[in-house]
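Okay, structure first, notes after.
The values are calculated or read from the model by the stated rules, or taken from the named source; none is laboratory data. Note that the coordinates shown come from a computational prediction; the quantities given were computed from them, not determined experimentally. Cβ: placed from backbone, ideal geometry, glycine included. Neighbour counts: every protein chain shown.
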Amino acid sequence: MLSQTDSRGNTTVYTYDEKGRRLTRTFPDGTTERSEYDEVGHVTTLTDGNSARKAQEFDATGRLLRRTFQDGSNESYTYSPTGSLTSATNVLGMIGYTYDTNEQLLRIDNPDGSSVSYTYDSQGNRTTNTTQLAASAPPRVTSHTYDSLNRLASVTDHGGNATAYTYDHVGNLESISYPNGVVTSYSYDSRNRLVLMEHSRNSVVLAQFHYQVNAIGDRVLVTHADGSFVEYEYDNQHRLTREIHKDIFGSSFFDLSYSYDEVGNITSTLDLAGILTEYRYDSTDKLLSVGDTNYSYDANGNQLSRIDDDGLTSYAFDFDNRLMTVDTPTDSVSYGYSPQGDRVQRIAADTTNYLVDPINPTGVAQVLSDYDSTGAALSEYIYGNQLLSQNRSGVNHFSHRDGSQNVRLLTDGGGNVTDTYAYQAFGQNLDQSGSTTNPYRFAGDRVDPSNGLLYLRARYYEPGVGRFISRDPFEGVLRDSMSLHRYLYANNNPVSYVDPTGLVPTTIVEVGFVSALMSVSITGAIITGTAIYNPSSVAGLTGGRIAFKLGTSFLTGFIAGATGAGISKFFFPELAGAASSVTERVVLTIYQSGLAFGTSLVTVGSSVLAVCLSEASIFDDGVTSDVASRCLMQAVLSVALFSVASQVGNLTNETWPLVQTLGKAIASPHEFTNVPIAALTLALNTEISDLIAVYGASEMVAFAKTVSAGSGYEEQAKAAAVRLKN
């Protein structure tokens, strides 16, 4: 691709060397990024729009050893003989990683003496995680159990408080029973879309969310237990155009309409009082003003200032485009990050440290404990497939969400409601009761009380304007125009999408068969029952998991500035912008990691199929024969690539091109016909031949039977296939 022109006529230009590696990217405003490579194609130097250089060093096997920034600071990594990350070091110190003989992560040791350790069952499910804030501190153990299908069945905290999960006959999450007596129940329609979510105790309804969905999957109405309701309207691109909040009598008390330009920028809002607020942008979609509020940016697209009626708020970023400080008219906050890109520190009047668990069941890195500079715990958090509870000063509060994953109420140990929350669609607070300290609110993620920014791992989101404050490290894919916009949140549809990674919006698929097939056992990353479906987990790895095999998380900007190639956004959104010269190796590494932690080929194949078909059935024109063929092909390709990973130590110069072809074909599955089947089978020498034979079959049931053989979830796979085919 030599150039890319958006619907507003703004053009980004690319140049390449003789090997097809991208050398420069020049944005419409004239800002240019540059890349340099070594003889085997590793990106050795990145020069960003601010003219800051970042150097990268690799070993002979392509593993990242060191990243050195413009100011001389650096991050370094070491590995075991098998390729597992053993240490990562930056200005905050060294993090150590310990593994068992199966390469399962056993322990993370942080530079301040805090640690997280893990145990596993024979299936690779994480059975316990133990936290210690200091070597001399008492350990805190959280236990997990699983059912016969490896779905999360219960979570028990160190105090013996147990939360239990149940599922219906097709694998939908049916209920969550909290230790304080509160039960969250779920009901679905014939297409496995959530239609009712209810929180109750002793048959008394505490909160209720009843959803109506239109023919194309957008939620158009949610009704609450008291009879109040919210109506949603959309344009033909599924973008939210209006939200109307009404009381029990049908009278509107909040009404906001949204208008967009050709590329998806909000151009204006119109409220109930008839007040029109206009938005203005530059050629690279940076927000310049909202009404009388003005913004400025650096050449990398990071927001540097906001000037409103309250005064000047300034922002500072490091050489990896991570937010480091926010100075408001009333206070100042600074942040610190691990070499993996996880936020581990907040400094304001006092210092708060975060003990981070990168491989928990939610699929993204989460904070297990807040603690002060002396190592004393300020709060502790317990997770199942979402945040279940927080404990402050020995007092438990339990979190309960709506179908968009917003925290809507807290209950105490006795099951009494202590706090309630209501939001506008893009996350601004609409109403609140109670005074419990609770940083987790909109989209279930953490908001900073000083500046209102929502931390979404790769970057920060500002609910007040419905946008991120910095560019997306993920460059997007051409077939999905929304993904090419670098600042959009949730595809401008926060009712149906979330973005917990800050990289790619993920659809709120109402569980269904996807939960059954996605309840796979990868180092405790059990994606079960949650209403938020995370495509990046299909291969069995989340951002945190990737870090342990690559030596750097995608959150650190390792792939920034490289050319896009080879990865479908449905499977590896965090890597879709990776350099073509390293993409297939990265994919192979991911699959190798998944294989090392016990993921079977049948699980990968069925999960990928479920993902592809669910996207088509809910968001496209249904499962046509072409769609079925494409999805089946992607499943076969993914299993093939996963299978290659099992022989990673035996790959030769002859078989490596095959790996590259497979990686590229996943993004363009119809190119699969270019892969010589005989060579593929010979090179892999695995059970993939059965799956290849299935390619082109019109019956999804046939594939379900194939992948379910020996997998332990035959009925779920068959039900999923039949449901989607019909």
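Observations, loosely collected:
- Residue in region 369-382 that is surrounded by fewer than 18 Cβ atoms within 10 Å (Cβ to Cβ) and of a type in the set (Val, Ile, Thr) present: yes
- Condition met for SER433 (of a type in the set (Ser, Thr, Tyr), without any contact (Cβ under 8 Å) to a residue 40 or more places away in the chain, under 23 Å from PHE209 (Cβ atoms) and out of contact with any Cys (no Cβ under 6 Å at 6 or more places or on another chain)): yes
- All positions within region 37-72 that are among the basic types (Lys, Arg) and more than 23 Å from TYR16 (Cβ to Cβ): ARG63, ARG66, ARG67
- Condition met for SER481 (surrounded by fewer than 21 Cβ atoms within 10 Å (Cβ to Cβ), at pLDDT 95 or above and either closer than 25 Å to TYR383 by Cβ or not acidic (Asp, Glu) (or both)): no
- The one condition from (1) surrounded by fewer than 18 Cβ atoms within 10 Å (Cβ to Cβ); (2) at pLDDT 95 or above that ASP147 does not meet is (2).
- If the condition is being over 14 Å from TYR489 (Cβ atoms) and assigned to a loop (DSSP other than H, G, I, E, B), then region 249-267 contributes PHE249, GLY250, SER251, ASP261, GLU262, VAL263.
- Among the residues here, ASP157 qualifies as acidic (Asp, Glu), out of contact with any Lys or Arg (no Cβ under 6 Å at 6 or more places or on another chain) and under 21 Å from ILE359 (Cα atoms).
- Considering region 82-96, the residues that are at pLDDT below 95 and part of a loop (DSSP other than H, G, I, E, B) include one that is surrounded by the fewest Cβ atoms within 10 Å (Cβ to Cβ), namely THR82.
- Qualifying residue in region 35-53 (condition: small (Gly, Ala, Ser) and within 26 Å of the chain's Cα centre (by Cα)): no
- Matching residues in region 309-336 - criterion: being hydroxyl-bearing (Ser, Thr, Tyr) and surrounded by 23 or more Cβ atoms within 10 Å (Cβ to Cβ): TYR315
- Every residue from region 99-116 that is without any contact (Cβ under 8 Å) to a residue 24 or more places away in the chain, part of a strand (DSSP E or B) and not charged (D, E, K, R): TYR99, LEU106, SER115
- Within region 238-276, the set of residues being surrounded by 15 or more Cβ atoms within 10 Å (Cβ to Cβ), within 19 Å of ASN429 (Cβ to Cβ) and polar (S, T, N, Q) comprises just one member, THR269.
- Looking across region 67-77, the residues that are surrounded by 15 or more Cβ atoms within 10 Å (Cβ to Cβ) and more than 12 Å from ASP320 (Cβ to Cβ) come down to SER76, TYR77.
- Top-ranked residue in region 134-176 [being of a type in the set (A, V, I, L, M, F, W, C) and outside any loop (DSSP other than H, G, I, E, B); ranked as farthest from ASP370 (Cα to Cα)]: LEU173
- Restricting attention to region 435-469, the residues being of a type in the set (Val, Ile, Thr) and either crowded, with 20+ Cβ neighbours inside 10 Å or not in a loop (DSSP other than H, G, I, E, B) (or both) number 3.
- Taken as a whole, region 76-84 holds at least one residue that is touching an Asp or Glu at 6+ places or on another chain (Cβ under 7 Å) and farther than 30 Å from ASP17 by Cα.
- Once region 383-410 is narrowed to residues that are small (Gly, Ala, Ser) and in a strand (DSSP E or B), the residue that is surrounded by the most Cβ atoms within 10 Å (Cβ to Cβ) is SER389.
- Any hit, region 450-471, residues being within 30 Å of SER259 (Cα to Cα), touching a Gly at 6+ places or on another chain (Cβ under 8 Å) and at pLDDT below 85: no
- Selection status of GLY20, closer than 23 Å to ASP261 by Cα and surrounded by fewer than 15 Cβ atoms within 10 Å (Cβ to Cβ): no
- Candidate set from region 337-356 (those that are in a loop (DSSP other than H, G, I, E, B) and among the aliphatic types (A, V, I, L, M)); member that is surrounded by the most Cβ atoms within 10 Å (Cβ to Cβ): ALA348
- Remark: THR374 falls outside the filter, which requires a residue to be farther than 23 Å from ALA135 by Cβ, polar (S, T, N, Q) and outside any strand (DSSP E or B).
- Residue within region 78-96 that is under 27 Å from the mean Cα position of the chain (by Cα), aromatic (Phe, Trp, Tyr) and within 30 Å of GLN132 (Cα to Cα) present: yes
- Within the set GLY363, GLY403, the sole residue that is in contact with a helix residue (DSSP H, G or I) (Cβ under 9 Å, 6 or more places away or on another chain), closer than 28 Å to LEU240 by Cα and not hydroxyl-bearing (Ser, Thr, Tyr) turns out to be GLY363.
- Number of residues in region 296-329 that are closer than 17 Å to GLN345 by Cα and part of a loop (DSSP other than H, G, I, E, B) equals 4.
- Within region 401-440, considering residues that are aliphatic (A, V, I, L, M) and farther than 17 Å from GLY464 by Cα, the one farthest from the chain's Cα centre (by Cα): VAL417
- From the list VAL220, VAL213, VAL230, the lone residue that is under 27 Å from GLN424 (Cβ atoms) and surrounded by fewer than 17 Cβ atoms within 10 Å (Cβ to Cβ) is VAL220.
- Single match in VAL290, VAL205 (criterion: among the aliphatic types (A, V, I, L, M), modelled with pLDDT of 95 or more, touching a strand residue (DSSP E or B) at 6+ places or on another chain (Cβ under 8 Å) and crowded, with 17+ Cβ neighbours inside 10 Å): VAL290
- None of ASP168, ASP157 is charged (D, E, K, R), buried (at least 17 other Cβ atoms within 10 Å of the Cβ), more than 13 Å from ASN385 (Cα to Cα) and at pLDDT below 95 except ASP168.
- Among the residues of region 35-82, those that are in contact (Cβ under 8 Å) with a residue 60 or more places away in the chain and basic (Lys, Arg) comprise LYS54, ARG63, ARG67.
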